[in-house]
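Report on the following structure.
The values are calculated or read from the model by the stated rules, or taken from the named source; none is laboratory data. These figures come from a predicted structure and were not determined experimentally. Cβ atoms come from the backbone with ideal geometry, glycine included; neighbour counts cover every protein chain shown.
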């Protein structure tokens, strides 16, 4: 995993996959906020927007032997983030889940989700195992559980933040090694990223 992404993680914790996914943002509904003296604060994505994104069906195709896990290719998108997986505008930090086993027996892998500067809207990340039945859970961000909410401001600052890159560290929790697919939904786009588990040495 690239050093800058690791630093970003440490600082805080199939619809149609398309290379032409929009890089701009369609404005989602948000709650305007001000502080006690009237200074404008960053907006918060409202519950209705998250609900609309969660209503999108998961379109993640299953695979099985003898087909190997069809990991999404990585590309050097920016010197700020290193090799990222997916077509954007929101990417994952690589296409492998380097896991360690927790005391509860689950497998836990650090993954950062990274948004291009041109995209300033929200995104919802969900996942499943695609080579066998298996769920995905997330630890990180403001919302915990089977979905990960990428809001307007993740609260994480790293190299690239000053020019608009957004970073959302997370821990992906699965129950067994395998092939996992993640669907990322924005207001007017959907992309899919496939990763394979690898045990940390």
Go through the range 151-201 and report how many residues are part of a strand (DSSP E or B), over 15 Å from residue 128 (Cα atoms) and out of contact with any helix residue (DSSP H, G or I) (no Cβ under 6 Å at 6 or more places or on another chain). 8
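For the range 108-121, which positions are part of a strand (DSSP E or B) and over 21 Å from residue 192 (Cβ atoms)? Spell out the reasoning first.
From the range 108-121, those part of a strand (DSSP E or B) are 108-115; that's our starting set.
Answer for the range 108-121, where residues must be part of a strand (DSSP E or B) and over 21 Å from residue 192 (Cβ atoms): just 108.
Of everything in the range 90-107, what is on the phi < 0 side of the Ramachandran plot, part of a loop (DSSP other than H, G, I, E, B) and out of contact with any helix residue (DSSP H, G or I) (no Cβ under 6 Å at 6 or more places or on another chain)? Give them in sequence order. First the steps, then the outcome.
If we filter the range 90-107 for residues that are on the phi < 0 side of the Ramachandran plot, which is where we start, we get 90-93, 95-104, 106-107.
Right, trim to part of a loop (DSSP other than H, G, I, E, B) and you get 93, 95, 102-104, 106.
Within the range 90-107, 95, 102, 103, 104, 106 meet the criteria.
Please tell me if residue 155 is out of contact with any strand residue (DSSP E or B) (no Cβ under 7 Å at 6 or more places or on another chain) and farther than 19 Å from residue 177 by Cβ.
Values: out of contact with any strand residue (DSSP E or B) (no Cβ under 7 Å at 6 or more places or on another chain): yes; farther than 19 Å from residue 177 by Cβ: yes.
Considered against the rule, which asks whether it is out of contact with any strand residue (DSSP E or B) (no Cβ under 7 Å at 6 or more places or on another chain) and farther than 19 Å from residue 177 by Cβ, residue 155 comes out as yes.
Would you say residue 178 is surrounded by fewer than 23 Cβ atoms within 10 Å (Cβ to Cβ) and modelled with pLDDT under 95? Spell out how you get there, then give the answer.
Values: surrounded by fewer than 23 Cβ atoms within 10 Å (Cβ to Cβ): yes; modelled with pLDDT under 95: no.
So residue 178 does not fit the description; no.
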Restrict the check to the range 25-39 and report whether at least one residue is out of contact with any helix residue (DSSP H, G or I) (no Cβ under 9 Å at 6 or more places or on another chain), surrounded by 17 or more Cβ atoms within 10 Å (Cβ to Cβ), modelled with pLDDT under 65 and assigned to a loop (DSSP other than H, G, I, E, B). yes
Which pairs turn up if I take residues in the range 183-201 that are at pLDDT 95 or above and look for partners that are surrounded by fewer than 18 Cβ atoms within 10 Å (Cβ to Cβ) and not in a loop (DSSP other than H, G, I, E, B) with beta carbon separation below 6 Å, at least 6 apart in sequence or on another chain? 198/98
Please find, within the range 86-96, the residue that is farthest from the chain's Cα centre (by Cα) out of those that are under 20 Å from residue 197 (Cβ atoms) and surrounded by 24 or more Cβ atoms within 10 Å (Cβ to Cβ). 86
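Conditions (1) at pLDDT 95 or above; (2) over 13 Å from the mean Cα position of the chain (by Cα); (3) crowded, with 20+ Cβ neighbours inside 10 Å, marked per residue:
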position	(1), (2), (3)
119	yes, yes, yes
129	yes, yes, yes
132	yes, yes, no
139	no, no, no
152	no, yes, no
